[in-house]
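Each remark here refers to the structure printed beneath this line.
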Amino acid sequence: MSQARDHQRDRWRMPQLTNRPPRSAGPSRLGDHADHPDHPEPASASGAAPPARPRAAGHFAAVVPVLIVSAVAPLALVGGAGMSWLPLLAVAPALASATSGPWRVLLVGFLAVALGAGIGASGGAPGSEQAIVLSALAAVTLASGLASAMRRRRERVLAAVRSVAEAAQHALLKPVPATVGRFQVAVRYSAAAAEARIGGDLYALVPTPYGVRLIVGDVRGKGLPAVGTAALVVGVFREAAYDEPRLLDVVDRIERSLARNLASDDFVTAVVVGYPDDGHMEVVNCGHAPPLMIRRSEVVAVEPTRHSPPLGLRALTGETPTLQRLPFADGEQLLLYTDGVTEARDHRHQFYPLMERVARHASDDVSRTLAALHGDLLAHVGGRLHDDAALLLLRKPAVRESIARCAPEGPTPADAHAGQGRAGVERVRFTGRPPGARFGVGSSGR
């Protein structure tokens with residue numbers, strides 16, 4: 001995890017939110033995913049059967065060796081070169097070993113040897129020359145059959161390993177439903193490692209007796225050690241979120257667990273959020289990028305009133321995290337993310353302007369918003385992210401949302417509530433610190 005930088009302003013004007021139907025957005029690359037139902041598995045967006053193109057390509061690759069054998073015969077007979085064309089027959093079993101099973105490789109090889117013997121006999125080639133060519137074809141066939149058998153065995157082992165890895169990944173990052181409690185939820189997660197679905201970024205959202213609670217975090221480093229730390233944080237959070245009445249106690253549980261298990265130079269930045277009662281949101285920011293509050297006409301970075309150290313470094317700094325209590329009215333949204341989003345660069349090395357793009361793509365449909373935002377992020381970097389990136393969007397729909405749209409114009413209690421929410425957030429110190437900024441160990445953070 002690198003230090004975040006940003007070229008954004010602390011506020012961006014946002015067009016009026018709309019309630020248009022979502023547009024389908026398929027997965028952008030292997031390793032990118034979002035939890036059901038926002039981003040279905042690669043079958044299709046509608047649940048239909050997967051496209052037949054890969055299967056057709058596999059059948060074509062299996063037929064190619066036979067086509068090669070069939071092409072060599074007329075070349076040898078019509079071209080009049082006799083045995084000179086026969087070494088090309090060895091290409092057929094060699095190619096079949098990459099696409100077919102051992103028995104099919106042997107079948108293709110037998111066909112090549114039989115054809116070579118027939119061409120040699122009809123061409124009147126010397127017996128010693130025929131024996132050399134046919135022996136070479138037989139040797140290539142046997143070697144190709146052995147290579148095919150070894151390839152099949154490695155594929156079975158890889159399939160078993162992948163099934164275990166996918167089970168572990170699903171256990172760590174459990175699918176998030178579209179609705180949790182009062183909230184509409186959407187998640188987008190992209191792992192930087194090829195073929196991986198998880199990395200050093202983490203998220204979890206659980207309904208508890210104390211309201212909905214969630215965490216979004218970023219582990220220092222990458223690879224398997226980062227995944228292990230992410231699993232530890234998510235596991236402790238899920239237990240503590242159910243057990244601890246106070247959100248700060250949940251954070252303390254995670255801190256104590258990391259202090260026992262992490263090395264001295266490892267840490268985790270995280271934002272822990274809770275919704276204990278109607279109309280207010282609790283936020284504890286431990287050195288992480290500030291969440292973005294999306295209101296009717298603006299996007300605001302929820303800066304902490306006092307910067308706190310990342311999880312795992314409290315013993316070094318002696319500082320404890322603080323709890324922010326924010327008004328959260330109907331129709332408002334909260335976006336949590338990791339620095340893989342704000343630090344994504346384009347070909348000109350420009351950082352991704354998250355606040356500006358959130359204002360551009362925001363709507364009342366959280367799935368549509370994150371799909372558009374994720375697609376825009378991939379377009380910014382040219383199609384592939386080089387760091388883990390997580391986005392979690394939370395929206396509190398209005399109870400009488402549909403009735404309010406049909407009501408005559410004029411001030412309503414909902415408008416007054418929204419106005420009080422805006423006034424309340426202005427009391428929180430939004431200093432304009434860039435959303436990707438990090439807590440610096442050794443600085444005062446004040």
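The values are calculated or read from the model by the stated rules, or taken from the named source; none is laboratory data. Note that the structure is predicted; figures quoted are calculated from it, not measured. Here Cβ is always computed from backbone atoms with ideal geometry, including for glycine, and neighbour counts include all displayed protein chains. When the accessible area is computed, the model is the full protein with side chains, heavy atoms only, and any ligands, DNA or RNA have been set aside. Shrake-Rupley method; radii C 1.70, N 1.55, O 1.52, S 1.80 Å.
Name the single residue that is surrounded by the fewest Cβ atoms within 10 Å (Cβ to Cβ) among those in segment 118-132 being modelled with pLDDT under 80 and among the aliphatic types (A, V, I, L, M).
Ala121
Quick check: anything in segment 322-337 in contact with a strand residue (DSSP E or B) (Cβ under 8 Å, 6 or more places away or on another chain), hydroxyl-bearing (Ser, Thr, Tyr), surrounded by 22 or more Cβ atoms within 10 Å (Cβ to Cβ) and modelled with pLDDT of 90 or more?
Looking for residues that are in contact with a strand residue (DSSP E or B) (Cβ under 8 Å, 6 or more places away or on another chain), hydroxyl-bearing (Ser, Thr, Tyr), surrounded by 22 or more Cβ atoms within 10 Å (Cβ to Cβ) and modelled with pLDDT of 90 or more, one finds at least one in segment 322-337, hence yes.
So which residues in segment 210-226 are of a type outside the set (Lys, Arg) and surrounded by fewer than 23 Cβ atoms within 10 Å (Cβ to Cβ)?
Tyr210, Gly211, Val212, Gly221, Gly223, Leu224, Pro225
Can you tell me how many residues in segment 342-395 are hydroxyl-bearing (Ser, Thr, Tyr), under 23 Å from Gly200 (Cβ atoms) and in contact (Cβ under 8 Å) with a residue 40 or more places away in the chain?
1
Report, by residue number, each residue of segment 210-245 that is of a type in the set (Lys, Arg) and either in a helix (DSSP H, G or I) or free of Cβ contacts under 8 Å to residues at least 12 places away in the same chain (or both).
Arg238
So is Leu334 of a type in the set (A, V, I, L, M, F, W, C) and within 14 Å of the chain's Cα centre (by Cα) or not?
No: the conditions fail for Leu334.
So which residues in segment 385-394 are touching a helix residue (DSSP H, G or I) at 6+ places or on another chain (Cβ under 6 Å) and either among the aromatic types (Phe, Trp, Tyr) or open to solvent by 30 Å² or more (accessible area, probe 1.4 Å) (or both)?
If the condition is that a residue be touching a helix residue (DSSP H, G or I) at 6+ places or on another chain (Cβ under 6 Å) and either among the aromatic types (Phe, Trp, Tyr) or open to solvent by 30 Å² or more (accessible area, probe 1.4 Å) (or both), then Asp387 is the only one that fits.
With the condition kept exactly as written, say whether any residue in segment 289-297 is assigned to a loop (DSSP other than H, G, I, E, B), open to solvent by 20 Å² or more (accessible area, probe 1.4 Å) and within 19 Å of Asp218 (Cβ to Cβ).
Within segment 289-297, none of the residues are assigned to a loop (DSSP other than H, G, I, E, B), open to solvent by 20 Å² or more (accessible area, probe 1.4 Å) and within 19 Å of Asp218 (Cβ to Cβ).
Of all residues in segment 84-113, count the ones that are of a type outside the set (Gly, Ala, Ser) and surrounded by fewer than 18 Cβ atoms within 10 Å (Cβ to Cβ).
5
Being at pLDDT 90 or above, surrounded by fewer than 16 Cβ atoms within 10 Å (Cβ to Cβ) and over 19 Å from Thr338 (Cβ atoms) narrows it down to one of Arg306, Arg253, Arg246, so name that one.
Arg246
Go through segment 353-384 residue by residue and tally those that are touching a Ser or Thr at 6+ places or on another chain (Cβ under 6 Å) and either farther than 18 Å from Gln333 by Cβ or surrounded by fewer than 22 Cβ atoms within 10 Å (Cβ to Cβ) (or both).
Residues that pass the stated criteria total 3.
Confirm whether Val273 is at pLDDT 95 or above, more than 20 Å from the chain's Cα centre (by Cα), part of a helix (DSSP H, G or I) and not aromatic (Phe, Trp, Tyr).
no
Cβ contacts < 8 Å: first residue of a type in the set (Val, Ile, Thr), restricted to segment 125-148; second residue at pLDDT below 80, any location; separation 6+ or different chain. Result?
Within 8 Å, the pairs are Val133/Met83; Val133/Leu86; Val133/Pro87; Val133/Gly116; Val133/Gly120.
Are there any pairs, at least 6 apart or on different chains, whose C-beta atoms fall under 9 Å, with the first in segment 165-181 and without any contact (Cβ under 8 Å) to a residue 24 or more places away in the chain and closer than 18 Å to Pro209 by Cα and the second in a strand (DSSP E or B) and open to solvent by 70 Å² or more (accessible area, probe 1.4 Å), and if so, which?
Going by the 9 Å Cβ cut-off, there are no qualifying pairs.
Just to verify a result, which residue in segment 176-191, among those that are of a type in the set (Gly, Ala, Ser) and open to solvent by 20 Å² or more (accessible area, probe 1.4 Å), is modelled with the highest pLDDT?
Ala178
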